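J.: Here it is, the structure in full.
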Amino acid sequence: RGSEGNISLNNVDGLSYDLTRDILFAIHRRNDGSTNATVRPDLLFAINPQTGALIPNQFGSGIDYVVVPAVLGVNGRLLGDVDDISFHPATGQLYGLLNTNGEGARLVTIDVNTGGIDMGEAIRYPDPYPQNPALAGQIIDDIEGLSFFNTGRLFASTGTNGPDPVDLNSLFEINIGAGTGVLVGPFPNQPPGTAPRDYEGLACLTAEAAIVLDKFTN
């Protein structure tokens, strides 16, 4: 139930745990077109992590989901696919990665109460990029997975469907301030004769946390 009517939320394409609320937030994929006229923005909803069930009325009485608006990419194309979401471990802010059919990549922040977004940066290779100068400043296509390490570092995985083969099936680290992505490395090659893998999700283990107390007498 929501502004788009009664919708069966059965196509989860992004998932992240909200530590502050002890619930999961998820993205329901709706986009089924490749032009601006046919892009249908995705939906944000909440899941009970103990049961896997939808949490009703999460966004108000009778409101089980909210719309995450599509945004313009750098080429003027609407980006309506929220391919993954991840909560920042320190601020609790929800980040999302938008593209359309694997093309383009824009990092945005999402309001977990309304679904509204603040426009972020298009994810590009740095410029200059000594690691591969030919890619400097180019957009990284088909980012499918997004996950924060508990130190605040953001990682992303690419799938197999983007228009630029050099971007695909790889792990990147994303600078959330600059909107740049640096290649960590490609995923392992597939055995000969098998279909290429499509890394759709990503999750980071946490580093050990500790408090160190120095005691002294003046």
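J.: How large is the accessible surface per residue of region 1-68, computed with a 1.4 Å probe and reported in Å² as a whole number?
T.: 52 Å²
J.: How large is the dipole of the chain about the Cα centre if only Lys and Arg carry +1 and Asp and Glu carry -1, each at its Cβ, rounded to the nearest 20 debye?
T.: In debye, rounded to 20, the chain gives about 240.
J.: Continuing with this model, one more query. Placing +1 on the Cβ of each Lys and Arg and -1 on the Cβ of each Asp and Glu in region 71-202, which of 181, 80, 97 has its Cα farthest towards the positive end of the resulting dipole?
T.: 181
J.: Explain nothing, just the number: relative contact order of the chain, from Cα pairs under 8 Å at least 6 residues apart, as a whole percent.
T.: Relative contact order here is 13 percent.
J.: Oh, and also: Whole-Hz ³J(HN,Hα) for each residue in region 56-70, computed from phi via Karplus 6.51 cos²θ - 1.76 cosθ + 1.60 with θ = phi - 60°, x for glycine and proline: what do you get?
T.: Each residue's phi maps through the Karplus curve to give x, 6, 4, 10, x, 4, x, 10, 9, 8, 9, 7, 9, x, 6 Hz.
J.: Out of the total accessible area of region 1-74 (probe 1.4 Å, heavy atoms of protein only), what percent is carbon and sulfur?
T.: Using a 1.4 Å probe with all protein chains present, region 1-74 comes out at 51 percent carbon and sulfur.
J.: Can you compute the charge dipole magnitude of region 8-107 about its Cα centre, using +1 on each Lys and Arg Cβ and -1 on each Asp and Glu Cβ, nothing else charged? Give it in debye, rounded to the nearest 20.
T.: The dipole magnitude comes to about 180 debye.
J.: Using the Cα gyration tensor of region 77-208, with a ≥ b ≥ c the square roots of its eigenvalues, what is the shape: rounded (a/c below 1.5), prolate (a/b larger than b/c) or oblate (neither)?
T.: Verdict is rounded for region 77-208.
The values are calculated or read from the model by the stated rules, or taken from the named source; none is laboratory data. Quick caveat, the model's predicted, so the values are computed rather than measured. When we count neighbours, we look across all protein chains shown, and the Cβ atoms used for this are built from the backbone with ideal geometry, even at glycine. Just the protein is used for accessible areas: all its heavy atoms, side chains included, with ligands, DNA and RNA removed. Shrake-Rupley method; radii C 1.70, N 1.55, O 1.52, S 1.80 Å.
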